[in-house]
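*Asks:* Input: one structure, supplied below.
Since every read-out is calculated from the coordinates, none of them should be taken as a lab result. Owing to the predicted nature of the structure, the values given are computational and were not obtained by experimental measurement. Ideal geometry is used to build each Cβ from the backbone, glycine not excepted, and the neighbour counts take in all protein chains shown.
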Amino acid sequence: MTNTTPAFNPRLACPWPRRPQLVNVGQIAPAELDSWIIHHDDKVIVVNKPGDLICHPSKDGPWSSLAGAVREHFGLAAAHLVSRLDRETSGVVVFAKTPGVASRLQTAIQRRRVGKVYLAIMTGEFSGPVTVDQPLGDDEASPVYSKAGVRPDGRPAVTHFTPLASGGGFTLARVTTGTGRMHQIRAHAQWLGHCLVGDKIYGPDARCYLNFLDTGWTPALAEKLLLPRQALHCAEIDLRKAGIEQVFAIPLPADLRAFCAARGLAVPAGV
């Protein structure tokens, strides 16, 4: 038996050992959750999720995640999360109240029968609609293990970007997707050369994410990223083709609206 040292893989070592150092998981107050609920009936619960809030249950108790808080608030055995968002993405999140409704909605999502519209603030300016049709897979060159990237052997991915306002070196865009890959909008925006403002992984340098895990939000990160969270908002979910005659829409939130105002981006009415 030889006494050799295993090969060191920096991608495997980077995010996961550092993740426990990120301990600032907040607790949701019941009154806060009340203000976020935009609709509930016997089938679904629809919530306006703020940025910097996790959807999935966490080890820090039921009120540390949106799913746990919704379950506690409504006294459910389970809150079936059918349209999740990344921690830093704000906007429409849908829960099903029963396993049957959850199964129906999840099947509809897989079949691309649930319409979603996002709003994104992107670096750089562009004036016409752009479709990115580029396959996505694991970005093996990134120090962040969970990062996706364009690669020829990836899975098909299509994203449509339509500018709504441009100026001051930024673009407010309406975004829809033809596929549902992990981090699809963020990865395609980076490939396009117009990364999302505030994106720690798909922005100017993925090491911003690792630095954030180590140190939290700092002036140096603020200078690079401009916003403490990625400028992505799920503005609309259309469930009509899934058998629920509802379209849920939430306007651009205050933090992203303020960023647009400070940079002279005129947010169109109704956005």
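*Asks:* Given a Förster distance of 30 angstrom, what is the FRET efficiency for residue 98 paired with residue 176, based on the Cβ-Cβ distance and rounded to 0.05?
*Replies:* On the way: r = 29 Å, r/R0 = 0.96.
So the FRET efficiency works out to roughly 0.55.
*Asks:* A further question follows. Using a Förster distance of 25 Å, how high is the FRET efficiency between residue 269 and residue 241, based on the Cβ-Cβ distance and rounded to 0.05? Intermediate results must be reported in sequence, preceding the final value.
*Replies:* Numbers: r = 27 Å, r/R0 = 1.08.
Step by step, r from the Cβ atoms, then E = 0.40.
*Asks:* With charges set only on the Cβ (+1 for Lys and Arg, -1 for Asp and Glu), what does the dipole of region 115-265 come to about its Cα centre, in debye to the nearest 20?
*Replies:* Its charge dipole is roughly 220 debye.
*Asks:* Strictly over 18 Å apart at the Cα level, which of 147/200; 116/200; 59/147 would you flag in this model? Intermediate results must be reported in sequence, preceding the final value.
*Replies:* Details: 147/200 11 Å; 116/200 24 Å; 59/147 24 Å.
Correct reply: 116/200; 59/147.
*Asks:* When 195, 208 are ordered from fewest to most other Cβ atoms inside 10 Å of their Cβ, what list results?
*Replies:* Numbers: 195 24, 208 20.
By the 10 Å Cβ count, ascending, the order reads 208, 195.
*Asks:* Moving on. Relative to the Cα centre, what is the charge dipole magnitude of the chain, using +1 at the beta carbon of each Lys and Arg, -1 at the beta carbon of each Asp and Glu, and rounding to the nearest 20 debye?
*Replies:* For the chain, the charge dipole is close to 540 debye.
*Asks:* On a full-extension model of 0.36 nm per residue, what is the gain between residue 140 and residue 56, subtracting their alpha-carbon distance, rounded to one decimal in nm? Write down the numbers at each step before the final one.
*Replies:* Numbers: separation 84, 0.36 × 84 = 30.24 nm, distance 2.64 nm.
Gain on stretching residue 140 to residue 56: 27.6 nm.
*Asks:* Projected onto the charge dipole of region 115-265 (+1 at Lys/Arg Cβ, -1 at Asp/Glu Cβ, origin at the Cα centre), which of 234, 246, 208 gives the Cα projection farthest towards the positive end?
*Replies:* 246
*Asks:* Sort 95, 161 by Cβ crowding within 10 Å, fewest neighbours at the top.
*Replies:* Ranking 95, 161 by Cβ neighbours within 10 Å, fewest first, gives 161, 95.
*Asks:* Identify, among 109, 81, 65, the residue whose Cα sits farthest towards the positive end of the charge dipole of region 24-111, taking +1 on the Cβ of Lys and Arg and -1 on the Cβ of Asp and Glu, with the dipole about the Cα centre.
*Replies:* Looking along the dipole axis, the top candidate is 109.
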